[in-house]
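First the structure, in the form of structure tokens, and then the observations on it.
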Amino acid sequence: MPTHRTHIAVIGAPMDLGAGRRGVDMGPSALRVANLDEKISTLGYDIHDLGNINVVQAESVQPGPSAARYLNEIAATCTNLADMVAKVCGEGCFPLVLGGDHSIAIGTVSGLSNHYRQQGGKKVGLIWIDAHADMNTPETSPSGNIHGMPLACIAGRGPEELTHIYGYAPKVDPENIAIIGLRSVDTLEKTNVTKTGVHAYTMRDVDERGLRAIMQEALEVANDGTEGFHLSFDMDSVDPHEAPGVGTPVKGGITYREAHLAMETICDCDRMLGLEVVEVNPVIDEANRTAILAVELVMSALGKRIL
């Protein structure tokens, strides 16, 4: 990460409104139980844990439109999260956001993007490590779950309540977006991926070319003409054998060592502006294994090395 960022602001976003399976709202707690703050502090950072943003419970509201369930509630939560991320960036802190389902990325990236946009129109890039493309829209989504739509919204496609937080879209230009680890893409969603201009790397690409080559290329994409990049890491990118407690597990993911290599490579680049870890679901986990792994990966991204 940029060497001048010695202060890290931890923000919990315990939202599961965008997911089909309940439980990821407990992800921030699971990560904190795994001693996230204490372990990061051993790397020499000053940690400011700002607690959790407020999120309504699904039982207290109606889901709304079937093609975009809980749209208004998710938009309000993401706007609040965006404001908090922009604020900590303005205070010189590095934002570390704990999910929650992946729809929180709309808020995280909006806040980060707007902060740099206010500094003379600077742009940011995005590295999205995920088993899923998350590029559905209400018109293509088979479920209406918004956690399958955040990357489309960030790239400017989707409900205006989500795409136009702060009044502009896209938050990140598609040519500066790299998706890594794809292995589960909905039929109609494929068109959204191919037509937007994002750079998508499937597990076949990883198998054939190796993760290091993919990461180097992705970093070039995310850093091309930008101030730096945000990293959005969905724990379901890792194979379920290593990360069983995730919102939507898919067999055939990246290995334990590949995940650490990705994070170590990102750290070496020294251009990361923000980081979020999402979709940890303690309800279906095994003795908090997935959260413990998530903390290990965050440590690698922030500078922990074997030697």
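The values are calculated or read from the model by the stated rules, or taken from the named source; none is laboratory data. In this text the structure is predicted, and so the values were computed from the model without any measurement. When we count neighbours, we look across all protein chains shown, and the Cβ atoms used for this are built from the backbone with ideal geometry, even at glycine. Accessible surface areas use protein heavy atoms only, side chains included; no ligands, DNA or RNA. Shrake-Rupley method; radii C 1.70, N 1.55, O 1.52, S 1.80 Å.
Test Cys93 against the stated conditions and say whether it is open to solvent by less than 10 Å² (accessible area, probe 1.4 Å) and not hydroxyl-bearing (Ser, Thr, Tyr).
no
Name every residue in the range 232-281 that is in contact with a Gly (Cβ under 6 Å, 6 or more places away or on another chain) and within 22 Å of Gly23 (Cβ to Cβ), in order of residue number.
Of everything in the range 232-281, those that are in contact with a Gly (Cβ under 6 Å, 6 or more places away or on another chain) and within 22 Å of Gly23 (Cβ to Cβ) turn out to be Ser237, Val238, Asp239, Val278, Glu279, Val280, Asn281.
Read through the list (1) open to solvent by less than 60 Å² (accessible area, probe 1.4 Å); (2) more than 20 Å from Ile127 (Cβ to Cβ), then give the number of the only condition that Thr6 fails.
Exception for Thr6: condition (1).
So which residues in the range 122-165 are within 17 Å of Tyr70 (Cα to Cα) and acidic (Asp, Glu)?
The answer is Asp134, Glu139, Glu160, Glu161.
Scan the range 193-227 residue by residue and report those that are of a type outside the set (A, V, I, L, M, F, W, C) and crowded, with 21+ Cβ neighbours inside 10 Å.
Selection gives Tyr201 alone.
Which residues, counting only those in the range 135-164, are within 18 Å of the chain's Cα centre (by Cα), open to solvent by less than 10 Å² (accessible area, probe 1.4 Å) and not hydroxyl-bearing (Ser, Thr, Tyr)?
Correct list: Met135, Asn136, Ile146, Met149, Pro150, Leu151, Ala152, Cys153, Ile154, Leu162.
Which one of the conditions (1) at pLDDT below 95; (2) part of a loop (DSSP other than H, G, I, E, B) does Ser141 fail to meet, given that it meets all the rest?
Single failed check for Ser141: (1).
Out of the strands (runs of 3 or more DSSP E) lying entirely within the range 1-117, which hold 1 or more residues that are among the aromatic types (Phe, Trp, Tyr)?
Per the criteria, 94-99.
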